[in-house]
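**Q** The structure is given below, and queries will be raised subsequently.
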Amino acid sequence: METPVGVLPAAVLGFAASLAVVSESDLTSDWTSPSLPGAFWHGYDDTIREMVFRMYHELCDLAVTAEMQRSSPPSEAQRILAQHHDAYRDLTGALVGVVEDEFDREPADNEWPLRTVLYHIALAERGFHALIHWAIARRRGGDGVSIEMPDDYRDSVSDPVEEAGSMSEVLRRYDALHTRVLADFADLDSTDLDAPNVWWEGYEVSVRFRLHRFNAHLREHTIQVEKTLHGIGHRQTEPGQLARLFHRALGRFEGSIVGSPPVLTDRQVALASELDAARGSLTRPAG
């Protein structure tokens with residue numbers, strides 16, 4: 001499968017990062033750019049805020065069109081992974097604008113800082129990743145293989161998870177794990193999804209259940225991230241909220257093509273160019 005990396009994600013994430021640090025007062029500043037899409041926008045206010053929503057509109061439209069142009073409908077596994085990826089981009093969007101000295105700040109005594117939350121998320125997802133691999137290998141290898149995954153099996157299928165490093169390093173390692181999950185499981189069929197596995201619960205669950213846990217567990221701890229940010233006094237600005245919208249929209253686009261050959265490549269490149277031009281104008285509002 002084509003994993004969700006490339007010119008468009010880089011442009012969206014770069015645009016969102018620049019948008020997050022724009023002042024709230026600048027959102028009402030005049031902003032004109034000949035590179036922005038479509039004469040059909042004539043009559044809309046030419047402010048930074050309105051231009052931002054134009055770009056958001058284009059990204060949402062791309063996601064819908066991409067899903068419609070898939071060569072085949074997404075499978076059950078691909079739909080589950082798309083939900084997980086949507087949760088992943090919601091998390092990355094929640095972290096836009098967070099600075100390094102906030103990464104280790106405790107929101108209250110004996111409560112996790114962001115570093116610990118992200119480490120826990122990655123550690124759990126590495127466990128899910130290995131368990132699913134083991135369950136599929138067991139299904140294909142026969143009932144003589146133990147349902148209980150060996151302790152050292154994780155190291156054979158994914159890189160160890162590390163808590164140390166800068167915030168960007170921690171996020172980069174988690175991104176690599178997440179991308180690996182999408183790549184490894186996009187082709188699972190219904191028989192694979194029915195395969196049983198056992199972990200800390202002590203009873204058998206299906207791969208389908210475990211695959212859904214990627215999403216549910218990540219949503220749970222994204223809420224914890226939001227509570228932590230509030231607890232450390234991180235102020236969520238309107239530009240920061242707008243930046244998070246772009247992460248979410250990117251997630252919907254990337255999720256729409258999980259397991260699919262590349263689609264709309266020319267349009268992706270064109271939108272990336274528009275976003276790059278718009279990003280360059282964010283720090284130079286006219287008027």
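**Q** Under a crude label model (7 Å from the Cα following the beta-carbon direction), how far is residue 60 from residue 204 in nanometres?
**A** My value for the distance between the label points is 4.5 nm.
**Q** Rg(Cα) of the chain divided by 2.2 N^0.38 Å?
**A** On the way: Rg = 20.7 Å, N = 287, 2.2 N^0.38 = 18.9 Å.
Compared with the compact-globule rule of thumb, the chain sits at 1.10.
**Q** Longest segment of the chain with no chymotrypsin sites (Phe, Trp or Tyr not before Pro) in a DSSP loop having at most 10 other Cβ atoms within 10 Å? Walk me through the numbers before you get to the answer.
**A** Numbers: sites that count: 200, 203.
It runs 1-199.
**Q** Per residue, how much accessible surface does the chain expose to a 1.4 Å probe? Answer in Å², no decimals. Before the final figure, lay out the partial values.
**A** Numbers: 13560 Å² over 287 residues.
In whole numbers, the chain has 47 Å² accessible per residue.
**Q** How long are the three semi-axes of the equivalent ellipsoid for the range 59-126, computed from the Cα gyration tensor as the root of 5 times each eigenvalue, in whole Å, largest first? Show your work: numbers first, answer last.
**A** Values: eigenvalues 230, 49, 10 Å².
Those come to 34, 16, 7 Å.
**Q** Sort out for me the Cα centre separation of the range 122-158 from the range 93-113, rounded to whole Å.
**A** The distance from the Cα centre of the range 122-158 to that of the range 93-113 comes to 32 Å.
**Q** Please give the helix 114-141 orientation as an angle from the longest Cα principal axis of the chain, in degrees from 0 to 90, rounded to the nearest 10.
**A** Once rounded, the angle reads 50 degrees.
**Q** Using only the Cα atoms of the range 215-287, build the gyration tensor, take square roots of its eigenvalues as a ≥ b ≥ c, and label the shape rounded, prolate or oblate: rounded if a/c is under 1.5, else prolate if a/b is larger than b/c, else oblate.
**A** Oblate shape, in that a/c is at least 1.5 and b/c is the bigger or equal ratio.
**Q** In the chain, what percent of the accessible surface is made up of carbon and sulfur (1.4 Å probe, ligands and nucleic acids excluded)?
**A** Values: 6840 of 13560 Å².
Answer for the chain: carbon and sulfur cover 50 percent of the accessible area.
**Q** For the chain, find the longest principal axis of its Cα atoms and tell me its angle to the long axis of helix 76-94, 0 to 90°, nearest 10.
**A** The angle comes out at about 50 degrees.
**Q** While we're here: Enter the angle in degrees (range 0 to 90, nearest 10) between the Cα long axis of helix 238-256 and the first principal axis of the Cα atoms of the chain, meaning the one along which they spread out most.
**A** So the helix axis and the longest Cα principal axis differ by about 50 degrees.
**Q** Using square roots of five times the C-alpha gyration tensor eigenvalues, list the equivalent-ellipsoid semi-axes of the range 117-260 in whole Å, biggest first. Don't skip to the answer; put the middle values down first.
**A** Working: eigenvalues 194, 62, 38 Å².
So the three semi-axes of the range 117-260 are 31, 18, 14 Å.
The values are calculated or read from the model by the stated rules, or taken from the named source; none is laboratory data. This is a predicted model, so every value here is computed, not measured. Please note: Cβ atoms are built from the backbone with ideal geometry, for glycine as well, and neighbour counts cover all protein chains shown. In case anyone asks, the SASA skips ligands and DNA or RNA and just uses the protein heavy atoms, side chains included. Shrake-Rupley method; radii C 1.70, N 1.55, O 1.52, S 1.80 Å.
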